[in-house]
1. Would you confirm whether any residue within segment 117-124 is at pLDDT 70 or above and outside the structural domain of S177 (by TED's automatic domain parsing)?
2. Determine if segment 167-174 includes at least one residue that is more than 20 Å from V105 (Cβ to Cβ) and modelled with pLDDT under 90.
3. With the condition being polar (S, T, N, Q) and either in contact (Cβ under 8 Å) with a residue 12 or more places away in the chain or not assigned by TED's automatic domain parsing to the domain that holds R184 (or both), I'd like the strands (runs of 3 or more DSSP E) fully within segment 125-170 carrying at least 2 qualifying residues.
4. Go through segment 129-148 residue by residue and tally those that are of a type outside the set (S, T, Y), buried (at least 18 other Cβ atoms within 10 Å of the Cβ) and under 37 Å from the mean Cα position of the chain (by Cα).
5. Restricting attention to segment 205-230, and to residues there that are of a type in the set (A, V, I, L, M) and modelled with pLDDT under 85, which single residue is farthest from K186 (Cα to Cα)?
6. Given I123, I147, which one is β-branched (V, I, T) and more than 17 Å from M210 (Cα to Cα)?
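The values are calculated or read from the model by the stated rules, or taken from the named source; none is laboratory data. Just so you know, these numbers come straight off a predicted model, no measurement behind them. Neighbour counts run over all protein chains shown; Cβ positions are idealised from the backbone, glycine included.
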Amino acid sequence: MSSEKGDDRPVLRWIVVGVAVVVAVQIAYWLVLWRTIPSSVNRGVFGDAFGGLNTLFTGLVVPGALIAIYIQMRDARESRQDQEETLLAMRDQVVLLKEQLDRQVRRDRVEAGPFFRLDGNSISNLRLDLKLTNVGSPVTCLEFDCITPANTVQTWYPSALSANEVFNAPTNLLGSSPEELRYRMKLRDRWGEIRYFELTLRGFKTGPVMLDFEERDDAGSGPPTLSRHALA
């Protein structure tokens, strides 16, 4: 931008030179007139003969006005260009800030949970007494099902899980010692977003029982986005 504005300097220089020439001509004219024609009457007659000179100088005003208009239009164009460049820079900053905010929100979601700790996995009479403690942010459980074939969850409770609240999900088992049990959980987090998690209990035969807690997409086929493990 500075190089474009610098192009106006020759124009301004010629304007100054033109004004100086006009003033110099006027001064030279009166000096010559004073020395060569001492009589005031004769000076008047001589001056009338050069009345067209005033018209010439008056006509110089028109190019000067045109030059001034040109400079103003050029400044206005440069100002618009500056504004457009500023708007583009602001738009890039907004996009960058939005990306940073989205990354921070995703990071906060992962750090805030929900997380569950396995606090109960006793089995009696083909029934697993499953207890999970919410050690993350408050959530609302919308669905909870056992996706291991032939195993079903009885009435689970509660649906609203505050921090450190215990979630109960008694499960009817096909056998007394399953290899593993898998559950699917649908939650609404504290931001109001619906999220899906897959819970897997392993180690019933070998011990200790371990809980794998993984976030999935709504179809349940995507790679886990969050994984936490807890021992009973």
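1. Checked segment 117-124: no residue is at pLDDT 70 or above and outside the structural domain of S177 (by TED's automatic domain parsing).
2. Yes: one or more hits.
3. Those strands (runs of 3 or more DSSP E) span 127-134.
4. Total satisfying the criteria: 5.
5. Top of the filtered list is A230.
6. I147
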